[in-house]
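As structure tokens, the structure follows; a few thoughts come after it.
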Amino acid sequence: GQSLEQPSEVTAVEGAIVQINCTYQTSGFYGLSWYQQHDGGAPTFLSYNALDGLEETGRFSSFLSRSDSYGYLLLQELQMKDSASYFCAVQDTGKLIFGQGTTLQVKP
Amino acid sequence: DAGVTQSPTHLIKTRGQHVTLRCSPISGHKSVSWYQQVLGQGPQFIFQYYEKEERGRGNFPDRFSARQFPNYSSELNVNALLLGDSALYLCASRVSRLANTEAFFGQGTRLTVV
């Protein structure tokens, strides 16, 4: 089967750093993507890792280890607007396989 | 430049009815995919279309069908609606089929089956 595991909820305070982990088991793999989704909104692309290592985009960074089937999203200098659901998704041929999502609550 | 547009935004249907959802991809994008997102879960892949041909299908019953038109817009059809079909239906477009290209999502159609 195909599965992605990520924590269901994470809580942090403004200005802090939070890491959301994702482990995956899929039949196909081209890379790991991260998406942000606010309530009732469209998933918004955050980052993509095809190779091992760290990708940095502003306050967000993403890491991938293909040998460990593991990745994480790192959010720095948390802001209230970062409160949302975060999904890791494996890129397979022509499709995205999503995890169940992590709800991030940022508190003042 | 317009993003991915979906219509309608909300829809209420009765069990057993049929529904058609529409998606217009970003200009220049030839790949359109459909996803179902049940409340509290991640999106589930339904179909991918590229150059008007079905290129992938997820684990959904034959009641679900789709097509892509020459202008690359797409329709998702669901027959014999069940209560369990209530979900947010998302359309995503890519410039190509390549897996390393970013998928852009529309705001979705919220379908409620009563």
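The values are calculated or read from the model by the stated rules, or taken from the named source; none is laboratory data. Everything numeric in this text was worked out from a predicted model, so none of it was measured. Ideal geometry is used to build each Cβ from the backbone, glycine not excepted, and the neighbour counts take in all protein chains shown. When the accessible area is computed, the model is the full protein with side chains, heavy atoms only, and any ligands, DNA or RNA have been set aside. Shrake-Rupley method; radii C 1.70, N 1.55, O 1.52, S 1.80 Å.
Structural remarks
- Burial annotation for the stretch A:75-108: residues with an accessible-area loss of at least 20 Å² between the isolated chain and the complete set of protein chains, computed on heavy atoms with a 1.4 Å probe, are A:F87, A:Q91, A:G94, A:K95, A:L96, A:F98, A:Q100.
- Note on A:T11 and B:R57: with the Förster distance fixed at 30 Å, the Cβ-Cβ geometry gives a FRET efficiency of about 0.20.
- Residues of the stretch A:13-108: accessible area per residue with a 1.4 Å probe, Å²: 45
- Cα principal axis extents for chain A, largest first, Å: 41, 29, 19
- Each Lys and Arg contributes +1 and each Asp and Glu -1, all at the Cβ; summed about the Cα centre of the stretch A:55-108, the dipole is approximately 180 debye.
- Surface burial for B against A, with a 1.4 Å probe and both sides summed, reaches about 1600 Å² of accessible area.
- For A:K81, solvent-accessible area (1.4 Å; no DNA, RNA or ligand), Å²: 130
- Estimated from the Cβ-Cβ distance and a Förster radius of 35 angstrom, the FRET efficiency linking B:S27 and A:K107 is about 0.30.
- In this structure the amide hydrogen of A:S47, modeled in the peptide plane, comes within under 5 Å of the amide hydrogens of A:W34, none closer than 5 places in sequence on its chain.
- The string of couplings for the stretch A:43-51 from the Karplus curve (6.51, -1.76, 1.60, θ = phi - 60°) is x, 10, 5, 10, 6, 8, 10, 9, 10 Hz, one whole number per residue in order, with x for Gly and Pro.
- FRET efficiency for the B:S73 to A:N21 pair, using the beta carbon distance and R₀ = 45 Å, is estimated at 0.75.
- Sequence of B:S31, A:S83 from largest to smallest accessible area, 1.4 Å probe: A:S83, B:S31
- Overall form of chain B per C-alpha gyration tensor (a/c, 1.5; a/b vs b/c): prolate
- With all protein chains in place and a 1.4 Å probe, the accessible surface of chain A carries 46 percent carbon and sulfur.
- For B:36-49, mean number of other protein chain Cβ atoms within 10 Å: 4
- Accessible surface computed residue by residue for chain B, with neighbouring protein chains in place and a 1.4 Å probe, gives 48 Å² per residue.
- Inter-site label distance for B:R110 and B:L11 at 7 Å from Cα along Cβ, in nm: 1.6
- Accessible-area order (highest first, 1.4 angstrom probe) of the listed residues B:R94, B:R15, B:R63, B:R55: B:R15, B:R55, B:R63, B:R94
- Placing +1 on each Lys and Arg Cβ and -1 on each Asp and Glu Cβ, with no other charges, gives chain B a dipole about its Cα centre of roughly 160 debye.
- Dipole-positive endmost among B:I46, A:A12, A:L78 within the protein assembly as shown (Cβ charges, Cα centre): B:I46
- Under the convention that each Lys and Arg Cβ holds +1 and each Asp and Glu Cβ holds -1, the size of the dipole of the protein assembly as shown around its Cα centre is about 780 debye.
- Distance in nm between pseudo-label sites at A:S65 and A:A50 (7 Å out along the Cβ direction from Cα): 2.3
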